[in-house]
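The values are calculated or read from the model by the stated rules, or taken from the named source; none is laboratory data. Quantities reported herein were computed from a predicted structural model and do not represent experimental measurements. Positions of Cβ are generated from backbone atoms using ideal geometry, with glycine treated the same way; all protein chains shown enter the neighbour counts. Note: accessible area is taken over every heavy atom of the protein model, side chains too, but ligands, DNA and RNA are not part of it. Shrake-Rupley method; radii C 1.70, N 1.55, O 1.52, S 1.80 Å.
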Amino acid sequence: MESDSDDGGQDWTLLGANVLKRGEKDHAPDGTVIQQTQLQKSREVMYTALSEPVVISEKNLVEADWDSVRNIGRVRKQKGTFFMTMGWSEHENVYLYPEEVIYLCQRGSMRCYLNNEPLSVEGVMSICLKYVSTEWYDVYSNFKKLGFIVRRCELETRKVSKAQVSTTQTVPSQKSGRKNDNEIKKIKNELSVYYPPIITRIAWFLLGSRFNSFAWRPSYIVYSTLFKDLTAVKVRQNIDVAPQKERFDFFVYKPGTKFKKSDPPEADYRIRVVSADQVPELNKIEKELQIAQKVGNFYKDPVKRMRLGYRTFIYAVVDNGVISYVKVTETGAPSVY
Amino acid sequence: MFTLPVISGTVYIYDVEVIKYLREKYNIGGVLSGILPQYPQQNKFGGLPLKLSPEEALYLLETNEFEFFDDTETHLDEYKEKVDEDKPDTKNGQSSTTSNNKVELAVLSKIPKRSSAVKLKEPVNSRYAVYKYLVQKGYFVLPGLRFGCHYMAYPGDIMRYHSHYNVLGLDYDEGIDLLTMVSGGRLATSVKKCWVIGAKNPETEETEAFSIEWSGFG
Amino acid sequence: MDTVIENLVHQQLWTDCKIYNEDANLIRGTPPRKLHPEDAQISSEYVLVSHMRDSVSVRGYTKTFQSVHDASRVVHAVIAEDSTIAYYIVYKSLNPPRRN
Amino acid sequence: MVSDDPFFNSTDSGSGPGIQLDGRFLKTTTNKGYNKRAKDVYVLPLPFSLNSLPALIPHNPLSVFMYTVALLSKPLRFTTQKRHKAYIDSTSQGTPGAFVPDLQSAMELWQQGFFGKGTLSRSEPSWFGRTSRRLGLDGGELTLEEITEARRAKRRKFKKEREQQQLLELKQKQKEGVLNPADANLLDKNEKKQIEDNENNAADSDAVVTKVRKEDTDLIKDGVIEKLETLHLHPCEAVFLCVCLGVLEIDGIETIQQLLQTFFPEDSDWQKYVVYHYFRSLGWCVRDGIKFGVDWLIYKQGPPFQHAEFAVSVQPSSGRPDWWWLHANMRVVNNAKKAMTLVYVTKEERPDYTKISNVAAFRKALSQYTVKILTFSRFTPSRCRD
């Protein structure tokens, strides 16, 4: 059943075996010895795994100092592959955000110093979590654990506008630029407010009270004309506010991405971290949509087109350490006729 | 009496003995929020620390068996003192660790100083009553956002049993839209669970709950 | 309530349906088969009627169960705007889900 | 999972060509056959007829001439549309909308754009035929309800068989002496249940269909079943048919103003209509979404052709649904392969109905409203790594 594959209750006896394999769970405790033994076994595996000390060879260990003025980590000497995708350079130093510091320390790959005294993982967390929220860190480490490249958006701000422009060009429609333009126009039509042709409007004005329906013409030969006459409600057009003060929280890149810190590619996912109480208001969502990822949507089939939508981003909703990712897509209904 | 560290209102536990105690005595599982260093590239099995939800923390506070202290202050104080002791080293920039080939990283800090006035994040009032009701009946409780509810209640340890209930904790007079009942009931039934709404009766102080399932007809 | 009685009798094929308590919106009737696989036999059931526009609360259900003091469950019929009626079974306190 | 979900028998998915029926029933309505029949029956997308043109045969000059004449003259000729009659049920406690008593009208409104719902059926009014067959008065094709009932009966049978199998296994274990206490408990319970089941067999599901109740005999007058069922139109459907297509008359309602006041008393009713109208005017089929806990289900054509593609919840522009609600709905809707869609109506208050005196004013009022459409879906990072 789908429900239990990601509900957080893992059978620890599967640890290290095939993690994808799902444990056989029971319906309810029945007081049998078999169940008790099984449970105790699973628990022991968990306790043991958690008790194992984090050990790493001194050779690979990265060291950093906590800068308690800027509240970031300063790397002493770059080592290993982490810095291809983490941190940023400034005056020949490499700096790390608090979430990056916690992640590397928890992983056992870095030791962090405060005033030259090494900090324990607990110490690192107790300091860093003053500067990023636990939700923020949960989302960051969740993606990192799965091998994604995660960057704070403020690092890439300057690149955003450039990347956004390129989206429309990378759409896999190479047949002809002209067709492309038409398609874009079509999409624009779906979004624009409907203004009936002038003749229709005159007819409504003159005949509106006499004809008791939207179907004002004496007769119709095809349904598409009838549907056009029925049109009154349209999708609200986006107010494209130019200044991009808004930015997302994280840009996320798929694990295989060839990533260069100095010239980051277009992110695969744009993430906004939110708390679990309420869905943001429409005007907040609309602001996010303005900087969201544009979708090259050229499907003919109205269903496919509506499903894919025009632009999209992801909310990471955090409920007490459990993260749920919700993809938001703006769309409009194309005409079926 | 156990003493538990708090960072920005959230309880983080690094001691496996405490984790064991909470799990086996109080049916409190928390969420393992850290990385399991043996298997850093997966997120099915978490590592230390164990993070408690505001409900769990408050429940433990009410048992009078636990105390809480501000972890950040403790650490900062500790290191401040050290710096005061040996000032000359500050600008050196070199670590003073022994050059063993292998090092243990997760050294726990020394016995922390207790600072009494630490603020815990507060759970939503109406929900907490229902949380308590479930835990006291012996259920394991997990946050249920992904399944469209406040809590998921398991009849035993979550690592061995399927959850039975998708629970909403409400105020006694809080109206639930019937469309919400349709989707809640429908969802729960389709994954063989019951949809439950609960609330504390302000007159009797008792928590009341109702289980709802699709009828199978209509 | 008449709508629900008519639906129970002629679409769901219940028998002996009548209004049980007008003020509490309760009907009593007998379904054509057992409502829960673990029931010993078919028994007469209480049906609570509400409209889609209404809402439920824990207090509301508590009141309903006070009017059917001997029963541990009630069938809740919800009439939608398109006259679909959805039926749910409501149990007092925690009732374990069906195994199958 | 899919076949196990009790709700997959509901109106929406159960009636589509994708339904997984068991052999016997499948034969009468295979996917292709069903679709073909559907295409024959459900020709018109709306209960509104077109002016048809004569066949055009390009190499026949006469045909071309006739075609041209028709093309030029037809739009000028009036086509009168059939007007259906409905009434408002003032006795029923607040069931809003209108009822169409005439069976012919009811069938036409259903078949031409899927308007309304049989008051005693899950969608298409089929109670009369169903009941006649149940009481042995008539034959005919199986209805959706009967197909669903057959499938449910089969599942019950399967479960019973599985129980029996389990019982056998347990007994075997008992013989071998490897029975643990839980199993022993289960065995005991199962055995009891078997005995009960046998006792209750008379009342069991399969038998129920043929049993004639007192309630049934009351229905039969002079050997004919009373026609109990009517077609119920949702308030939005009634307004759309009345005002926009002009093919419905409602007893006792004279003006648009009166109609709107009766059917859309609240802002939220009007918002629901705005969304209904939006999709209908683009040619989509819109039906009530209660089965999935939402306001509307959106079909490309209609229930017999395919599953609904979108489950729409109407939100006021200031709407802030909570994440829990949204997650529950996403799961329900995604399990049925639909997209969870929130349609925000960007202006909240309903218009002043007293100012809507004619159709043009109605249209004008309606065009003051715009929508914003957002779909929400669950995203699982571990499945989106490459």
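Please specify each residue of the stretch B:11-55 satisfying the condition of being of a type in the set (Gly, Ala, Ser) and at the interface with another protein chain (Cβ under 7 Å from one of its Cβ atoms).
B:SER33, B:GLY34, B:GLY47, B:SER53
Tally the residues that are more than 7 Å from every other protein chain (Cβ to nearest Cβ) and crowded, with 22+ Cβ neighbours inside 10 Å, restricting the search to the stretch C:66-100.
3
Name every residue in the stretch A:261-310 that is open to solvent by less than 10 Å² (accessible area, probe 1.4 Å), touching a Pro at 6+ places or on another chain (Cβ under 7 Å) and of a type in the set (Val, Ile, Thr), in order of residue number.
A:VAL279, the sole residue that qualifies.
It is to be established whether one or more residues within the stretch D:251-261 are open to solvent by less than 10 Å² (accessible area, probe 1.4 Å) and more than 14 Å from A:LEU230 (Cβ to Cβ).
yes
Test each condition in (1) without any contact (Cβ under 8 Å) to a residue 12 or more places away in the chain; (2) surrounded by fewer than 19 Cβ atoms within 10 Å (Cβ to Cβ) for A:MET84 and report the one that comes out false.
The one condition A:MET84 does not meet is (1).
Looking only at the stretch D:284-312, how many residues end up being more than 25 Å from D:ASP40 (Cβ to Cβ), in contact with a Ser or Thr (Cβ under 7 Å, 6 or more places away or on another chain) and outside any helix (DSSP H, G or I)?
7
Six or more apart or on different chains, Cβ atoms under 9 Å: show the pairs whose first residue is in the stretch A:111-138 and in contact (Cβ under 8 Å) with a residue 12 or more places away in the chain and under 18 Å from B:GLU73 (Cβ atoms) and whose second is assigned to a loop (DSSP other than H, G, I, E, B) and open to solvent by less than 10 Å² (accessible area, probe 1.4 Å).
Pairs that qualify, where the first residue is in contact (Cβ under 8 Å) with a residue 12 or more places away in the chain and under 18 Å from B:GLU73 (Cβ atoms) and the partner is assigned to a loop (DSSP other than H, G, I, E, B) and open to solvent by less than 10 Å² (accessible area, probe 1.4 Å), are A:VAL121/A:GLY108.
As an exercise: evaluate B:ALA153 against (1) closer than 30 Å to D:TRP127 by Cα; (2) under 21 Å from the mean Cα position of the chain (by Cα); (3) not hydroxyl-bearing (Ser, Thr, Tyr) and give the number of the one condition it does not meet.
(1)
Look at the stretch D:248-259 and say how many of its residues are touching a Leu at 6+ places or on another chain (Cβ under 6 Å) and closer than 24 Å to D:SER121 by Cα.
1
Tally time: how many residues in the stretch A:25-39 are in a loop (DSSP other than H, G, I, E, B), surrounded by 13 or more Cβ atoms within 10 Å (Cβ to Cβ) and within 14 Å of chain D (Cβ to nearest Cβ)?
Number of matching residues: 5.
Within the stretch D:252-283, which residues are part of a loop (DSSP other than H, G, I, E, B) and hydrophobic (A, V, I, L, M, F, W, C)?
Those that are part of a loop (DSSP other than H, G, I, E, B) and hydrophobic (A, V, I, L, M, F, W, C): D:ILE253, D:PHE264, D:LEU282.
Looking at the stretch B:183-198, is at least one residue at the interface with chain D (Cβ under 10 Å from one of its Cβ atoms), more than 24 Å from A:LYS25 (Cα to Cα), open to solvent by less than 10 Å² (accessible area, probe 1.4 Å) and in contact with a helix residue (DSSP H, G or I) (Cβ under 6 Å, 6 or more places away or on another chain)?
yes
With the structure loaded, tell me whether C:ILE19 is more than 13 Å from the chain's Cα centre (by Cα), more than 11 Å from chain B (Cβ to nearest Cβ), open to solvent by 20 Å² or more (accessible area, probe 1.4 Å) and over 20 Å from B:THR189 (Cα atoms) or whether it fails that test.
Criteria not met by C:ILE19.
In this structure, is A:SER42 at the interface with chain B (Cβ under 7 Å from one of its Cβ atoms), modelled with pLDDT of 85 or more, farther than 19 Å from B:GLN41 by Cβ and open to solvent by less than 30 Å² (accessible area, probe 1.4 Å)?
Considered against the rule, which asks whether it is at the interface with chain B (Cβ under 7 Å from one of its Cβ atoms), modelled with pLDDT of 85 or more, farther than 19 Å from B:GLN41 by Cβ and open to solvent by less than 30 Å² (accessible area, probe 1.4 Å), A:SER42 comes out as yes.
Which number in (1) in a helix (DSSP H, G or I); (2) open to solvent by 20 Å² or more (accessible area, probe 1.4 Å) marks the one condition that D:PHE362 misses?
(2)
Has the stretch B:155-162 got any residue that is touching a residue at least 12 places away in the same chain (Cβ under 8 Å), part of a helix (DSSP H, G or I) and either crowded, with 20+ Cβ neighbours inside 10 Å or within 11 Å of chain D (Cβ to nearest Cβ) (or both)?
No: zero hits.
Could you tell me which of the residues D:PRO321, D:PRO304 is crowded, with 21+ Cβ neighbours inside 10 Å and not β-branched (Val, Ile, Thr)?
Residue meeting the stated conditions: D:PRO304.
Hey, can you tell me all the residues within the stretch C:19-53 that are among the aromatic types (Phe, Trp, Tyr) and within 22 Å of B:VAL182 (Cα to Cα)?
C:TYR46
Report the residue count in the stretch D:224-251 for those that are free of Cβ contacts under 8 Å to residues at least 60 places away in the same chain and in a loop (DSSP other than H, G, I, E, B).
Matching residues across the stretch D:224-251 total 1.
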